[in-house]
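The values are calculated or read from the model by the stated rules, or taken from the named source; none is laboratory data. Since the structure is predicted, the reported quantities are computational estimates derived from the model, not experimental observations. All Cβ positions, glycine included, derive from the backbone under ideal geometry; neighbour counts span all protein chains shown.
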2 protein chains.
Amino acid sequence: MLNVLTPEEALNLIHSEFEGSTSQIQVLPISSCLGRVLAQNIVAQEYVPDFNRSTVDGYAVKARDTFGCSDSLPAMLTLSGEVKMGIHADFEIKDGCCAYIPTGGELPQGADAVVMIEYTESYGDGTVGIAKSVAPGANIIFRGDDVSPDKEILSAGRKLRAEDIGALAALGIAEVKVYKKPRVAVISTGDELIHHTEKPSLGQIRDVNTPMLCALVDSFGAEAVPCGIIRDEEALLFDAVKSACDKFDLILISGGSSVGTKDATSRVIEKLGTLLFHGLAMKPGKPTILGKVGNKPVIGLPGHPAAAFFVTDIFVKELINVMLSTENENVFVNAKLCEAVSANHGRAQYTAVKLKKENSELYALPIRSKSGLISSLAGADGYFCISRDSEGCAKGDEIKVILR
Amino acid sequence: MLNVLTPEEALNLIHSEFEGSTSQIQVLPISSCLGRVLAQNIVAQEYVPDFNRSTVDGYAVKARDTFGCSDSLPAMLTLSGEVKMGIHADFEIKDGCCAYIPTGGELPQGADAVVMIEYTESYGDGTVGIAKSVAPGANIIFRGDDVSPDKEILSAGRKLRAEDIGALAALGIAEVKVYKKPRVAVISTGDELIHHTEKPSLGQIRDVNTPMLCALVDSFGAEAVPCGIIRDEEALLFDAVKSACDKFDLILISGGSSVGTKDATSRVIEKLGTLLFHGLAMKPGKPTILGKVGNKPVIGLPGHPAAAFFVTDIFVKELINVMLSTENENVFVNAKLCEAVSANHGRAQYTAVKLKKENSELYALPIRSKSGLISSLAGADGYFCISRDSEGCAKGDEIKVILR
């Protein structure tokens, strides 16, 4: 019997069954962490900046020495030093004195403001004229203005972006804990399949799922390993899945999951572990299987590449996010549907679209394909879902497109 | 003199100056092409599928033999064969006959429809009862339904996604032409800088820009190469830039671009080539330089990491897209601003935000930072721009957030 779940039920089951199967942790230098998921909270240990710095090129002054000055009546200060970049300013500004300071230079003791160089004139005789008054604190970043110790900067679960890596570098954090990429076995099954680089004879078709699913899984932040094509023989599939369960964190098997004479995937899962569901109330993607062998998820995907694509992009992605303790970062845009799309089969229906912008309005053109084969998805910008209790969408309806 | 451009003018200049500097082309196996930019149009050479296929498990029939049948009065057909997956169906269905066919199997000659197995009964004596009539074409994908020769499947400039790789595999295209990743030299300048893994003494700061900009440039689909920290000496910078121009496609120099005593970047560019602009009417990011040495872009970025981040994410990204002949794929979302943000300095102002969803409404919380240092950008979800002729945004204003 098929135990058919709705997409929502399947997502909930993925969370409840696999929330504990978190990926292991590894320590990496931050320069290798782009796109990796942080496995620790990052708490500052230092002040950023660590010293009072000038934000402009100019003169470090005591602000009160500039009060009342103007273009026509500059304050005359004694030049008593020069701050050099990267060198500790180990002198003090006394009353009536100033020191040249470059952008980013350390504010010397005694100074409490910086006057921009545009408002000053150095007379060359050790005197500097200041033509604009400044308030205390002007043009200075104080120690710890940006970050103080104990401030939480980043939280576990964050998929690291370049600016996060910059922040870690600024904080003096050279290595961080990230989750290991889950290793995903990608197995195709089917007597009719040949490697995608071979030329098919009549009756044969190229294995589209292996290269596609590997790329898709890699794009989720996991590491796909192509495990070849298994003939439609239960014993062969049993051996392949058993061996994959020893070596990988997640096993994807595509093909062989419709309820026909060759449906070996569910039987193999039942022999090795537990079948969690068999069948999803979605189109395409109905013949989808989820099982558990030990603590490892084993997913039977439809053999049809377009169906395998949708199921992987929705459910395998969610599963990998669960294993990485991170959130789904799908991006949605609203668009007006260019053509009606019917859907009256009691299953959630997923349809790929191309987007186009006209008069700053976004339109979605559904990609129609009798066969639902993968070549119809080439060049898609995203897809949308028509819920199972809807009979379709009319032309002009506002839809929510999941961007690809 | 500063030749200051608006952001729009700078983007236009990038296009007009560098549209010809397209990256070289390489041929790669499709399994290595995720995220790479296609350098050719892909036109189908084959039919997909290449033969008429069943979309269900069932019996291949002549449709007219099923007309008028029902549950109570099944059509009785002679079982005259079985289609095997992956093997050419080299027999013909004659009148009154049928053959078992699995999902994906090749439709035998003579058959024009498939009846799903659920509506059939095999009596075990060579006879099959058909309980539901089918129209010609039912449950069949015909040869070429998905793709016919000469159909354009993907266009040059497409950043390849997993489903595109699937489509290429389906079409028997094992290798494609893609643009080589532009190789980008990332140089930091400044006497105050130390490598980000070292411990700064007073007056020194860690080089945040090298690890951040390398990650950012990699995320654009280019290949960043960290080239170290150059002391503030024009001769050293000259040598470094000259040597980088021989080896790399694009040179990024951060720091040293404010108009102060140490402003060597613009002088080096003028010695080696042409200065295109010096100064952007944006905040942060004003001290930005664009030059051209030979045909190669040389960009002087602000030393402040947050400023370097915005300039790189906006202008260097655009430049790399131009070199890859592809379009910017920035994604925008609309959000309601949680707090007022002022801006009255005549420059386009970029402010990072965190997004939060409440009652299905998206809110943007501006990240405030006196110093604009990079640690304030950690954990940001995106940023928005206040145009130079605006005095700011009020609380509750709808803003367009560029997602990170």
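Let's see how each residue does on (1) closer than 17 Å to B:A113 by Cβ; (2) hydrophobic (A, V, I, L, M, F, W, C); (3) outside the structural domain of B:M116 (by TED's automatic domain parsing):
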position	(1), (2), (3)
B:D65	yes, no, no
B:D71	no, no, no
B:P74	yes, no, no
B:S80	yes, no, no
B:V83	yes, yes, no
B:E92	yes, no, no
What are the residue pairs meeting all of these: first residue in region A:387-401, first residue in contact (Cβ under 8 Å) with a residue 60 or more places away in the chain, second residue surrounded by fewer than 11 Cβ atoms within 10 Å (Cβ to Cβ), Cβ atoms under 7 Å, and 6 or more apart or on different chains? A:R388/A:G346
Any chance A:L362 is in a strand (DSSP E or B), more than 11 Å from chain B (Cβ to nearest Cβ) and either surrounded by fewer than 20 Cβ atoms within 10 Å (Cβ to Cβ) or in contact (Cβ under 8 Å) with a residue 12 or more places away in the chain (or both): no
Go through region A:187-224 and report how many residues are more than 20 Å from A:S375 (Cβ to Cβ) and not in a loop (DSSP other than H, G, I, E, B). 6
Within region B:114-131, of all residues that are of a type outside the set (A, V, I, L, M, F, W, C) and in a strand (DSSP E or B), the one surrounded by the most Cβ atoms within 10 Å (Cβ to Cβ) is B:T120
Run A:P182 past the list (1) touching an Asp or Glu at 6+ places or on another chain (Cβ under 7 Å); (2) surrounded by fewer than 23 Cβ atoms within 10 Å (Cβ to Cβ) and report the number of the one that doesn't hold. (2)
Filter region B:10-47 down to residues that are touching a residue at least 40 places away in the same chain (Cβ under 8 Å), part of a helix (DSSP H, G or I) and not aliphatic (A, V, I, L, M) and give me whichever is farthest from B:F277 (Cα to Cα). B:S31
Is it the case, given these coordinates, that A:A156 is modelled with pLDDT of 95 or more, within 36 Å of the chain's Cα centre (by Cα) and either in a loop (DSSP other than H, G, I, E, B) or surrounded by 16 or more Cβ atoms within 10 Å (Cβ to Cβ) (or both)? yes
Which residue pairs have Cβ atoms under 8 Å apart, sit 6 or more places apart or on different chains, and have a first residue in region A:129-156 that is at positive phi and a second that is buried (at least 16 other Cβ atoms within 10 Å of the Cβ) and of a type in the set (V, I, T)? A:N139/A:T55; A:N139/A:V56; A:N139/A:V114; A:N139/A:V115; A:G144/A:V48
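Pick out the one residue from B:V147, B:V208 that is touching a helix residue (DSSP H, G or I) at 6+ places or on another chain (Cβ under 6 Å) and under 21 Å from B:P49 (Cα atoms). Even if it seems obvious, please write down each step before you answer.
Values: B:V208 fails: under 21 Å from B:P49 (Cα atoms).
Going through B:V147, B:V208 in turn, just one is touching a helix residue (DSSP H, G or I) at 6+ places or on another chain (Cβ under 6 Å) and under 21 Å from B:P49 (Cα atoms): B:V147.
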Tell me which residues, restricted to region B:6-25, are surrounded by 12 or more Cβ atoms within 10 Å (Cβ to Cβ) and either at pLDDT below 95 or among the hydroxyl-bearing types (S, T, Y) (or both). B:T6, B:S21, B:T22, B:S23
Pick out the one residue from A:R404, A:R347 that is more than 30 Å from B:N52 (Cβ to Cβ) and either free of Cβ contacts under 8 Å to residues at least 12 places away in the same chain or buried (at least 17 other Cβ atoms within 10 Å of the Cβ) (or both). A:R404
With respect to B:S258, determine if the residue is within 23 Å of B:F18 (Cβ to Cβ), hydroxyl-bearing (S, T, Y) and at pLDDT below 95. no
So, B:V134, is that one in contact with a strand residue (DSSP E or B) (Cβ under 7 Å, 6 or more places away or on another chain), in a loop (DSSP other than H, G, I, E, B) and over 19 Å from A:Q204 (Cβ atoms) or not? yes
Out of region B:60-88, which residues are farther than 13 Å from B:A135 by Cβ and not in a loop (DSSP other than H, G, I, E, B)? B:A60, B:A75, B:M76, B:L77, B:T78, B:L79, B:S80, B:G81, B:E82
Subset tally (residues that are within 14 Å of another protein chain (Cβ to nearest Cβ) and surrounded by 20 or more Cβ atoms within 10 Å (Cβ to Cβ)) for region A:70-99: 5
Against the condition within 7 Å of another protein chain (Cβ to nearest Cβ), surrounded by fewer than 18 Cβ atoms within 10 Å (Cβ to Cβ) and either in contact with a Ser or Thr (Cβ under 8 Å, 6 or more places away or on another chain) or not aliphatic (A, V, I, L, M) (or both), how does B:G190 come out, does it pass? no
Hey, can you tell me all the residues within region B:159-179 that are surrounded by fewer than 20 Cβ atoms within 10 Å (Cβ to Cβ) and either more than 7 Å from chain A (Cβ to nearest Cβ) or under 22 Å from the mean Cα position of the chain (by Cα) (or both)? B:K159, B:A174, B:E175, B:K177
